[in-house]
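The values are calculated or read from the model by the stated rules, or taken from the named source; none is laboratory data. These figures come from a predicted structure and were not determined experimentally. We place every Cβ from the backbone using ideal geometry, glycine too, and count neighbours over all the protein chains shown.
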Amino acid sequence: MSKPVEIKLLGHIPSKKNEWRIRWRRNGRGLYIGLNESARRQIDALTLQVQAQWVGRTPLEHPEIIFRFGVRSRRPDRDNIMQTLLDILVLTRVLKQDNIAHCNGPILIEPAEISREWEWASIVLTPTERRSQ
């Protein structure tokens, strides 16, 4: 087993599930469903943080993953936060994909911490041997 890698993120992690909105296309040709601008900017900021910490590495398959969060209130849904982070890990090529064929290692979501000052996340990835299919 290889050495674990920790990715640390600062900032609000939006729940993509709750941030979809019906919007007009910029060219004025009808409606579409998309993330609101605030959520999109927050996800973009988190994406840049991950990219800066994953330079020159190859995408992982079937890693062990530990998620830790610091949130400002008890309202956020940990599953939705984890899904947003998984999507960012795939987008930044930290993970090859987040489906069972490529990400079937153990995933642990630790209890969230209430942090009055900062929202944050820590993702610990430990490469493992390929899982049987």
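In this structure, is Arg75 out of contact with any helix residue (DSSP H, G or I) (no Cβ under 6 Å at 6 or more places or on another chain), among the basic types (Lys, Arg), assigned to a loop (DSSP other than H, G, I, E, B) and closer than 20 Å to Lys3 by Cβ? The answer is no for Arg75. Of all residues in segment 74-91, those satisfying the criterion of being surrounded by fewer than 16 Cβ atoms within 10 Å (Cβ to Cβ) and more than 12 Å from the chain's Cα centre (by Cα) are Arg74, Arg75, Asp77.
If you scan segment 92-127, which residues turn out to be among the hydrophobic types (A, V, I, L, M, F, W, C) and surrounded by 16 or more Cβ atoms within 10 Å (Cβ to Cβ)?
Scanning segment 92-127 gives Val94, Leu95, Cys103, Ala112, Trp120, Ala121, Ile123, Val124, Leu125.
Scanning segment 1-60 for residues that are part of a strand (DSSP E or B) and at pLDDT 80 or above turns up Val5, Glu6, Ile7, Lys8, Leu9, Leu10, Leu60. Per the conditions (1) at pLDDT below 95; (2) within 11 Å of the chain's Cα centre (by Cα), the sole criterion not satisfied by Ile100 is (2).
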